[in-house]
Amino acid sequence: MIEAVIFDVDGTLVDTVDMHAEAWQRAFREFGKELEFQAVREQISKGGDQLMPEFLSEKELEEFGEKLEERRTELFDMEYLPKTKPFPKVRELCERIKKDGVKIVLASSATGDEVEFFKKAMNIVDLLEAETTSDDAEASKPEPDIFEAAMKKSATRT
């Protein structure tokens, strides 16, 4: 029997892929790197530490990688996060899963504030067993850390 369902959030439950790509593209531009939107979009499932080396040299990463990632977060949180919308029927899907006696856990590499916003936007706060944020993983996606942390949190809440 299935005990829990673990959902990624960005691009799975909330429609944010293009917004993240645009925020990254704008941040790169501010640091002198003009990138094609599609090239950035193809990297969106990765954490920033995995995404930036696709476009920056080691020297550039050392010089401004941290500041670029901070700027991307600032742009996303200020301009895109407020526009975030869940995909259709997310609440209904979660209600069905919960009705079947299955725990629902969010496994997100987003910040805690972003995850809180997403949960409210999806209107599923009352249906969740647990969630993870960027604070719960050492390595970002595509590494499995965030999903392993979600499994641990799910197992401790029985």
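Of note:
- Selection status of Ile44, surrounded by fewer than 16 Cβ atoms within 10 Å (Cβ to Cβ) and of a type in the set (Val, Ile, Thr): no
- Contact map, segment 100-114: residues that are within 15 Å of Ser154 (Cβ to Cβ) paired with residues that are of a type in the set (Phe, Trp, Tyr) and part of a strand (DSSP E or B), Cβ distance under 6 Å, separation 6+ or inter-chain. Pairs shown: Leu106/Phe7.
- Top-ranked residue of segment 115-129 - restricted to ones that are of a type outside the set (Val, Ile, Thr) and part of a loop (DSSP other than H, G, I, E, B), ranked as farthest from Lys152 (Cα to Cα): Asn123
- Test: residue in segment 53-67 that is in a loop (DSSP other than H, G, I, E, B), in contact (Cβ under 8 Å) with a residue 40 or more places away in the chain and of a type in the set (S, T, N, Q): no
- Residue within segment 95-102 that is surrounded by 16 or more Cβ atoms within 10 Å (Cβ to Cβ) and within 21 Å of Trp24 (Cα to Cα) present: no
- Glu79 fulfils the conditions (1) under 19 Å from the mean Cα position of the chain (by Cα); (2) part of a loop (DSSP other than H, G, I, E, B) except for a single criterion, (2).
- Within this structure, Phe76 passes the test of being touching a His at 6+ places or on another chain (Cβ under 8 Å), outside the structural domain of Ser109 (by TED's automatic domain parsing) and not aliphatic (A, V, I, L, M).
- Residue identified as closer than 19 Å to Ile6 by Cβ, aliphatic (A, V, I, L, M), within 14 Å of the chain's Cα centre (by Cα) and not in a loop (DSSP other than H, G, I, E, B) among Ala110, Ala150: Ala150
- Some residue of segment 69-83 being of a type in the set (Phe, Trp, Tyr) and farther than 17 Å from Thr12 by Cα: yes
- When residues of segment 113-136 are limited to those that are of a type outside the set (D, E, K, R) and touching a strand residue (DSSP E or B) at 6+ places or on another chain (Cβ under 7 Å), the one farthest from Glu148 (Cα to Cα): Ala121
The values are calculated or read from the model by the stated rules, or taken from the named source; none is laboratory data. The structure displayed is predicted, hence computed values, not measured ones. Here Cβ is always computed from backbone atoms with ideal geometry, including for glycine, and neighbour counts include all displayed protein chains.
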